[in-house]
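**Student:** Pasting a structure below so you can have a look.
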Amino acid sequence: MHIHQTTVGFMEVFCYLVYGAPGGECILIDPAGDEQRLLELLQEKDLRLRYIVNTHGHADHTCGNARLHAATNAPIVMHAADDHFFGQPESQEWAKMMGFDVSPPAHIRVEDGEELTFADITMRFLHTPGHTPGACCILIDGNLFTGDTLFVGAVGRTDLPGASFTQLLESLKNKILTLPPATIVWPGHDYGDQPHSTVGREAETNPYITDFLLDDEEN
């Protein structure tokens, strides 16, 4: 399996191209800008886009959905809660005011624990609410694509509509820290001291885990 990490859009989102081999199927996770460059990347590697996958519904992570779907006919995949929440008129107006293209509704709504397969590769969706109601981390063969739930050394904002710091901590505790320490963490933005990490490293160094979760367990 191959993972190509690239920064897209004016919000500098990490987009991920995941594929098995040239000439086969692939997915794009959070293709939020620079759509023409992403399409050229698919052509260069001779890949067929099977799914457009969103870790959550914020417009800086979904603004490329419409153009990529129009160009490839690949279905958009999002957790049901975020597809509903960010499909509301007020959410779409906010996205437009911020200068983002609005995503069409998801073609495939997923729930916690559901799996989809492409190129003989299986991805599993872990519902990790907190940053948004339907935020998900996507687990693929020991790789965890965390979106804005978990960054290297930080976590996503919880001061926006639909967010909850309590829920975010519960997601970290019950969904991410239960994974093997060697699980590779691929975040939604390059906010840390390196572009990716591991669950074990974050458990030891991320202050939102060491200060808010592990200290509580010890006291």
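The values are calculated or read from the model by the stated rules, or taken from the named source; none is laboratory data. Being a predicted model, the structure only gives us computed values, none of them experimental. Virtual Cβ from ideal backbone geometry, glycine too; neighbours counted across all protein chains shown.
**Student:** Can we say residue 69 is closer than 24 Å to residue 189 by Cβ and either without any contact (Cβ under 8 Å) to a residue 24 or more places away in the chain or in contact with an Asp or Glu (Cβ under 8 Å, 6 or more places away or on another chain) (or both)? Please lay out each step first, then the result.
**Tutor:** Values: closer than 24 Å to residue 189 by Cβ: yes; either without any contact (Cβ under 8 Å) to a residue 24 or more places away in the chain or in contact with an Asp or Glu (Cβ under 8 Å, 6 or more places away or on another chain) (or both): no.
When the stated conditions are applied, residue 69 does not pass them.
**Student:** Here is a further query. Would you confirm whether or not the stretch 120-131 contains a residue that is hydroxyl-bearing (Ser, Thr, Tyr) and out of contact with any Leu (no Cβ under 9 Å at 6 or more places or on another chain)?
**Tutor:** no
**Student:** All but one of (1) in contact (Cβ under 8 Å) with a residue 12 or more places away in the chain; (2) more than 19 Å from the chain's Cα centre (by Cα) hold for residue 26, so report the exception by its number.
**Tutor:** Status for residue 26: all satisfied but (2).
**Student:** Hey, among the residues in the stretch 144-159 that are touching a residue at least 24 places away in the same chain (Cβ under 8 Å) and over 12 Å from the mean Cα position of the chain (by Cα), which one's surrounded by the fewest Cβ atoms within 10 Å (Cβ to Cβ)?
**Tutor:** 157
**Student:** Any residue that is within 16 Å of the chain's Cα centre (by Cα), under 27 Å from residue 26 (Cα atoms) and part of a loop (DSSP other than H, G, I, E, B) - is there at least one of those in the stretch 194-214?
**Tutor:** Yes, that holds for at least one residue.
**Student:** Restricting to the stretch 116-135, name every residue that is touching a strand residue (DSSP E or B) at 6+ places or on another chain (Cβ under 7 Å) and either buried (at least 22 other Cβ atoms within 10 Å of the Cβ) or hydrophobic (A, V, I, L, M, F, W, C) (or both).
**Tutor:** Filtering the stretch 116-135 down to residues touching a strand residue (DSSP E or B) at 6+ places or on another chain (Cβ under 7 Å) leaves 116, 118-119, 121-128, 134-135.
Answer for the stretch 116-135, where residues must be touching a strand residue (DSSP E or B) at 6+ places or on another chain (Cβ under 7 Å) and either buried (at least 22 other Cβ atoms within 10 Å of the Cβ) or hydrophobic (A, V, I, L, M, F, W, C) (or both): 116, 118, 119, 121, 123, 125, 126, 128, 134, 135.
**Student:** Whether any residue in the stretch 16-31 is among the aliphatic types (A, V, I, L, M), crowded, with 16+ Cβ neighbours inside 10 Å and touching a helix residue (DSSP H, G or I) at 6+ places or on another chain (Cβ under 6 Å) is what I want to check.
**Tutor:** no
**Student:** Against the condition over 25 Å from residue 193 (Cβ atoms) and small (Gly, Ala, Ser), how does residue 147 come out, does it pass? Reasoning before the result, please.
**Tutor:** On the way: over 25 Å from residue 193 (Cβ atoms): no; small (Gly, Ala, Ser): yes.
When the stated conditions are applied, residue 147 does not pass them.
**Student:** Return the pairs, sorted by first residue and then second, in which the second residue is modelled with pLDDT of 85 or more and not in a helix (DSSP H, G or I), the first residue lies in the stretch 192-219 and is more than 26 Å from residue 6 (Cβ to Cβ) and among the β-branched types (Val, Ile, Thr), the beta carbons are less than 9 Å apart, and the residues are 6+ apart or on different chains.
**Tutor:** 209/150; 209/155; 209/177
Rundown of residues vs (1) closer than 22 Å to residue 156 by Cα; (2) within 19 Å of the chain's Cα centre (by Cα); (3) basic (Lys, Arg), yes/no style:
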residue: 52; (1), (2), (3): yes, yes, no
residue: 87; (1), (2), (3): yes, yes, no
residue: 99; (1), (2), (3): yes, no, no
residue: 114; (1), (2), (3): no, yes, no
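**Student:** If you don't mind, another one. Taking into account only those residues within the stretch 66-115 that are in contact with a strand residue (DSSP E or B) (Cβ under 6 Å, 6 or more places away or on another chain) and of a type in the set (Asp, Glu), which is nearest to residue 126 (Cα to Cα)?
**Tutor:** Result: 112.
**Student:** Name the one entry in 112, 82, 60 that is among the charged types (D, E, K, R), surrounded by 19 or more Cβ atoms within 10 Å (Cβ to Cβ) and at pLDDT 95 or above.
**Tutor:** Within the list 112, 82, 60, the selection yields 82.
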